[in-house]
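K.L.:
Here you go, one structure.
The values are calculated or read from the model by the stated rules, or taken from the named source; none is laboratory data. Here the structure is a predicted model, which means the values were calculated and not measured. Counting neighbours? That spans all protein chains shown, and the Cβs are built from the backbone with ideal geometry, glycine included. Ligands, DNA and RNA are stripped out before the accessible areas are found, and what is left, the full protein with its side chains, is counted by its heavy atoms. Shrake-Rupley method; radii C 1.70, N 1.55, O 1.52, S 1.80 Å.
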Amino acid sequence: MPTPGSGRGFIWLGLVLSSVCVALGCETQANSTTDALNILLIIVDDLRPSLGCYGDKLVRSPNIDQLASHSLLFQNAFAQQAVCAPSRVSFLTGRRPDTTRLYDFNSYWRVHAGNFSTIPQYFKENGYVTMSVGKVFHPGITSNHTDDSPYSWSFPPYHPSSEKYENTKTCRGPDGELHANLLCPVDVVDVPEGTLPDKQSTEQAIQLLEKMKTSASPFFLAVGYHKPHIPFRYPKEFQKLYPLENITLAPDSEVPDGLPPVAYNPWMDIRQREDVQALNISVPYGPIPVEFQRKIRQSYFASVSYLDTQVGRLLSALDDLQLANSTIVAFTSDHGFLMRTDN
């Protein structure tokens, strides 16, 4: 495996569908109801197509690129809505937000709009063991505070214990103190529990794969990764992949003259971070200092590379457990990511 060395308003959705088995072998197995193919669904949070497989020459994403190299790679796919909960409910039910009537984070579609089936629910009702790891459905009322259990999952979904530290003071600043920052490269051994949510999710998913290797039933395993969602909290070694002098600025970072307020996101969630607050940027159109723009982009790319290593670990385990030839892999983001540094 190669080693290193909230998004709104962006409508691109990078989607890779891959059967990692040999085509002829898949067809043979698919013809037998006793040898149904397993499904591994990887869902990423706020990942725009800043990947080598989409032509980005700066971002290092070897594991995702390798997956894409023998996959059906979508070049013209769009998020139904560039907000986490509506987007996830949309593609997990196969229904548009106009049908689920979810445009925000404030309702549960089964109660508010209709008792629609989900993709994992369909597999569960057809003999699959369905499992959820990490952020698959958006947490909270939009998934009934249960990740849509028990409808979608065979047993309760797994959430990493270190999730609760994502927005806390775990980022060591130049002053030596801990802060709740937007930019948060960390020494993993120094953070609470000595781990990060996506690392825990990978470990849990691998354990589930090990258990399912000897199962008589096929499985549907959904693994939801947090990065590159803000805050950009990632192992600090990934920052070295992206020297600031190599980070270009967005070509169109200025707010257009006459822009209607409804068309602009003042990114209030980002403004809550201590390092952004220290910049004292005016609301809503105040410019971000150029050097901080570079640091934001650097940390986003570093978060993508960190995510890529987790995907690599997961896919390597699939190979090592000899499950690759009987498993379909699907990889998607809920939507992209847009900030003032990339209008």
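K.L.:
Name the long-range amide H neighbours of Val186: under 5 Å, sequence gap of 5 or more, or other chain; modelled H, no Pro or chain starts.
P.N.:
Tyr234, Lys236
K.L.:
Obtain the nm distance between the two label points defined at His70 and Val111 by a simple spin-label model: each point lies 7 Å from its Cα along the Cα-to-C-beta direction.
P.N.:
According to this spin-label approximation, the distance is 4.6 nm.
K.L.:
When the gyration tensor of the chain is built from Cα positions, what are the square roots of 5 times its three eigenvalues, in whole Å, from largest to smallest?
P.N.:
Working: eigenvalues 225, 107, 76 Å².
In descending order the semi-axes read 34, 23, 20 Å.
K.L.:
Okay, next question. Can you compute the helix-only [θ] at 222 nm over the chain? Use -39500 (n - 2.57) per DSSP H run of at least 4 residues, normalise by all residues, nearest 500 deg cm²/dmol.
P.N.:
After summing the helix terms and dividing by residue count, I get -8000 deg cm²/dmol.
K.L.:
Roughly how many percent of the accessible protein surface of region 38-333 is carbon and sulfur, given a 1.4 Å probe and a whole-percent answer? Don't skip to the end; give the middle numbers.
P.N.:
On the way: 6820 of 13120 Å².
Carbon and sulfur: 52 percent of the exposed surface of region 38-333.
K.L.:
Let me ask something else about it. Per-residue counts of other Cβ atoms within 10 Å, averaged by peptide: what ranking do you get for 199-206, 210-217, 81-88, highest first?
P.N.:
Values: 199-206: 20.4, 210-217: 11.1, 81-88: 23.4.
Most protected by this proxy first, the peptides run 81-88, 199-206, 210-217.
K.L.:
Separate question: My understanding is that a pair violates if its Cα-Cα distance is over 22 Å; which of Lys57/Lys199; Lys57/Lys135; Lys135/Lys227; Lys135/Lys240; Lys211/Lys236; Lys135/Lys295 do that in this structure?
P.N.:
Lys57/Lys199; Lys57/Lys135; Lys135/Lys240; Lys211/Lys236; Lys135/Lys295
K.L.:
When the Kirkwood radius is taken over all Cα pairs of region 213-331, what Stokes-Einstein diffusion coefficient follows at 37 °C and 0.692 mPa s, in µm²/s?
P.N.:
For the chosen part, D equals 185 µm²/s.
K.L.:
On to the next question. Measure out, as a whole number of angstrom, how far apart the alpha-carbon centroids of region 45-100 and region 176-220 sit.
P.N.:
21 Å
K.L.:
Give the separation of the Cα centroids, region 238-287 to region 104-126, in Å.
P.N.:
35 Å
K.L.:
Under a crude label model (7 Å from the Cα following the beta-carbon direction), how far is Lys169 from Ser253 in nanometres?
P.N.:
3.0 nm
K.L.:
Please work out the ratio of the alpha-carbon Rg of region 94-139 to 2.2 N^0.38 Å and round it to two decimals.
P.N.:
After normalising by residue count via 2.2 N^0.38 Å, the value is 1.27.
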